[in-house]
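The values are calculated or read from the model by the stated rules, or taken from the named source; none is laboratory data. These figures come from a predicted structure and were not determined experimentally. All Cβ positions, glycine included, derive from the backbone under ideal geometry; neighbour counts span all protein chains shown.
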C-alpha cells in the first residue's frame, strides 16, 4: 500500500465527520463565541470548511511563506455556502492526495514566515501535522460550540451524548 492510499483511508473518514459537523452549524448564530478570546462560530466554521485548500497547497506546491500568502476571507454567509466550499475543496485535496506518489510525499515542504522557518518536513508529515491535525483540532472546537448551543454533537469516533449510533 502506498503512503497516499493509507492517508486516503483517514482522509475519507475525517472528511465525512467534518462534513457532518459543518451540517450542524446554525445559521442564526455566526457571532457566537465561547469566550472573548475565541473565534466566532461562523468564522471558525468557514476556517474548517476552507482548510482542505491548505492540504492541497501542501500536496501540490514546494512550500508556503505566510508573509506573502493571501488567505480567503472567513466570512460566514450560509450553511449551504459553507458545505459547498468544503465539498469543493475536500474533493480537490482528495484528488491531489490520490495522485501523490511516495516520492512526492517524501519531498520536503518549506513552511515559513519570511526568514523564519516554521517547518521543513516531508510533505506527508506536514500534511498530517499542519493540515489534518489542524482541521481535527478546529472541528473539535466546533463540537464545543455546538454543545454550548444545545445542538447535537456528531459521533465522530464513537457515540456522542446526542447520537448513540444504535447503542
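List every residue pair whose Cβ atoms lie under 7 Å apart, where the two residues are 6 or more positions apart in sequence or sit on different chains, the first residue falls within segment 9-27 and is on the phi < 0 side of the Ramachandran plot and in contact (Cβ under 8 Å) with a residue 12 or more places away in the chain, and the second residue, located anywhere, is buried (at least 18 other Cβ atoms within 10 Å of the Cβ) and assigned to a loop (DSSP other than H, G, I, E, B).
Note: pairs meeting the criteria are 17/154; 17/156; 20/154; 21/154; 24/154.
Could you pull out the residue among 30, 40, 26 that is modelled with pLDDT of 95 or more and in contact with a helix residue (DSSP H, G or I) (Cβ under 6 Å, 6 or more places away or on another chain)? Don't jump to the end; show me each part of the working.
Details: 40 fails: in contact with a helix residue (DSSP H, G or I) (Cβ under 6 Å, 6 or more places away or on another chain); 26 fails: in contact with a helix residue (DSSP H, G or I) (Cβ under 6 Å, 6 or more places away or on another chain).
30 is the lone residue from the list that is modelled with pLDDT of 95 or more and in contact with a helix residue (DSSP H, G or I) (Cβ under 6 Å, 6 or more places away or on another chain).
Considering each of 89, 105, 82 in turn, give the residue that is assigned to a helix (DSSP H, G or I), touching a residue at least 40 places away in the same chain (Cβ under 8 Å) and either surrounded by fewer than 17 Cβ atoms within 10 Å (Cβ to Cβ) or more than 15 Å from the chain's Cα centre (by Cα) (or both).
Working: 89 fails: either surrounded by fewer than 17 Cβ atoms within 10 Å (Cβ to Cβ) or more than 15 Å from the chain's Cα centre (by Cα) (or both); 82 fails: either surrounded by fewer than 17 Cβ atoms within 10 Å (Cβ to Cβ) or more than 15 Å from the chain's Cα centre (by Cα) (or both).
On inspection, the qualifying residue turns out to be 105.
Taking the conditions exactly as written (out of contact with any helix residue (DSSP H, G or I) (no Cβ under 7 Å at 6 or more places or on another chain) and closer than 29 Å to residue 159 by Cβ), does residue 52 satisfy them or not? Full working, then the answer.
Details: out of contact with any helix residue (DSSP H, G or I) (no Cβ under 7 Å at 6 or more places or on another chain): no; closer than 29 Å to residue 159 by Cβ: yes.
Against the criterion (out of contact with any helix residue (DSSP H, G or I) (no Cβ under 7 Å at 6 or more places or on another chain) and closer than 29 Å to residue 159 by Cβ), residue 52 does not qualify.
Within segment 109-127, is even one residue surrounded by fewer than 17 Cβ atoms within 10 Å (Cβ to Cβ), in a helix (DSSP H, G or I) and modelled with pLDDT of 95 or more?
Yes, segment 109-127 has at least one match.
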